[in-house]
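Reading through the structure tokens given below for one structure.
The values are calculated or read from the model by the stated rules, or taken from the named source; none is laboratory data. Being a predicted model, the structure only gives us computed values, none of them experimental. All Cβ positions, even for glycine, are placed from backbone atoms using ideal geometry, and neighbour counts span all protein chains on display. Just so you know, the surface numbers come from the protein's heavy atoms only, side chains and all, with ligands and any DNA or RNA stripped out. Shrake-Rupley method; radii C 1.70, N 1.55, O 1.52, S 1.80 Å.
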Amino acid sequence: MQLKKLDSSLAISLLLLGITSCLFVHSSSTAFEQYSSLFIIKQFIYYSLGFLIMYGVATLDIEQLKKIGWPFYWVIVALTFGLFIAPESIARTINEAKSWYQIPLLGSLQPSEFLKFAFLIVVSKVIVAHQAKYVRPSFLSDMRLLLMIGIITLPPTLAVYKQPDTGMVMLYMAMILPMIYFSGIQTKLLVIFTAIPVTIVGAIVILYVKFNDFFTEKILSKLSGHQVSRIYGWLQPYEYTDSSFQTRQGFMAIGTGEFTGKGYLQNNVYVPEKHTDFIFSAIAEELGFVGGAFVITLLFFVIYRIVLITVEAKDPFMTLMGAGISSLLAFQITQNIGMTIGLLPVTGVTLPFLSYGGSSLLSNFMLMGIVMVIHNSYSGYMFKTSQV
């Protein structure tokens with residue numbers, strides 16, 4: 001495949017995000033001399049590997065992509081469950097979570113990040129096979145499809161939740177649920193499928209507001225101490241000051257940036273993990289509203305390109321994958337920026353293509369490789385992507 005066949009707008013957007021990421025990983029990690037100045041070098045290496053991986057995935061055709069789906073799924077599932085028995089020497093517990101393998105010279109590997117790639121391909125294959133088998137699906141056949149998707153996704157998802165990593169579980173849901181809506185299952189099943197989570201969320205809100213004692217004893221008691229502290233730090237930030245410290249500091253950093261910011265390398269508000277989950281606070285502090293708005297626009301332009309490329313695809317398999325990727329990124333961006341300004345709870349979700357971290361960055365580039373495969377797989381163009 002020639003480079004000119006790649007979507008140039010998407011590739012340039014990713015390059016601009018890469019430059020921004022390296023600049024602010026360096027700025028936020030060295031401001032208080034708490035972290036290594038080598039982070040910018042590592043991030044540059046991760047980005048270089050990411051572009052190579054994206055190109056490597058993009059060289060595959062759709063059939064090859066389908067073939068690697070199940071083998072990749074089983075390898076990543078095995079690595080995910082392997083964390084429960086892996087010794088601390090190769091899988092250390094970090095911030096109360098055992099989610100990473102320590103690899104000499106390369107750093108850490110987080111299997112749960114790569115489950116996104118595996119779920120995307122395998123769930124799409126299952127849905128397409130269902131559509132081909134049941135031209136006129138019944139309620140029972142659609143229930144079988146949901147059961148199959150549950151069998152594929154729930155065991156590894158529960159394993160990730162137990163690590164614990166609630167944020168990653170939310171990302172899986174944000175990716176898979178839209179794929180189910182695009183699967184063509186019957187409307188009454190969709191209504192039930194939508195009503196269940198809405199009812200659960202509504203009930204939790206009512207319990208918290210009207211029956212707080214019951215909510216605390218029966219609901220929060222089922223969560224880990226780390227998860228409870230984050231929830232209270234979000235709901236009552238000025239009463240639970242320890243739990244909300246990161247959020248309050250992030251909000252302060254963004255606020256002090258005002259309209260045009262303090263200038264590059266001029267951040268002076270300490271925010272824990274500022275180079276990872278809270279990198280947006282560093283960008284907004286140093287570049288202000290203008291810089292923050294530019295980054296958000298650039299991120300959503302990436303989603304816009306993915307949606308356009310997906311709309312042009314004629315194949316259901318490609319449409320499902322494109323829908324999953326775009327909804328995943330939209331949710332992840334909203335969740336990350338929302339938690340930095342206190343609108344949403346802190347979940348440890350990274351800001352795509354900007355936060356420091358190899359596994360997150362490489363897994364997202366694998367998804368971009370799929371987008372490039374979609375871009376190069378259809379022949380009938382509704383709109384020429386180079387003209388958009």
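Descriptive notes on the structure:
- Some residue of region 108-122 being assigned to a helix (DSSP H, G or I), of a type in the set (Val, Ile, Thr), under 20 Å from residue 316 (Cβ atoms) and at pLDDT 95 or above: yes
- Any hit, region 169-190, residues being loosely packed, with under 12 Cβ neighbours inside 10 Å and at pLDDT 75 or above: yes
- For region 68-84, a residue qualifies if it is surrounded by 13 or more Cβ atoms within 10 Å (Cβ to Cβ) and assigned to a helix (DSSP H, G or I), and the qualifying residues are 68, 69, 70, 72, 73, 75, 76, 77, 79, 80, 81, 82.
- Taken over region 297-328, residues that are out of contact with any helix residue (DSSP H, G or I) (no Cβ under 7 Å at 6 or more places or on another chain) and among the hydroxyl-bearing types (Ser, Thr, Tyr) amount to 2.
- Residue pairs meeting the criteria (Cβ under 6 Å; at least 6 apart or on separate chains; first in a helix (DSSP H, G or I), in region 1-22; second open to solvent by 30 Å² or more (accessible area, probe 1.4 Å) and modelled with pLDDT under 95): 5/376; 22/40; 22/44
- Scanning region 344-379 for residues that are part of a helix (DSSP H, G or I) and β-branched (Val, Ile, Thr) yields 370, 371, 373, 374.
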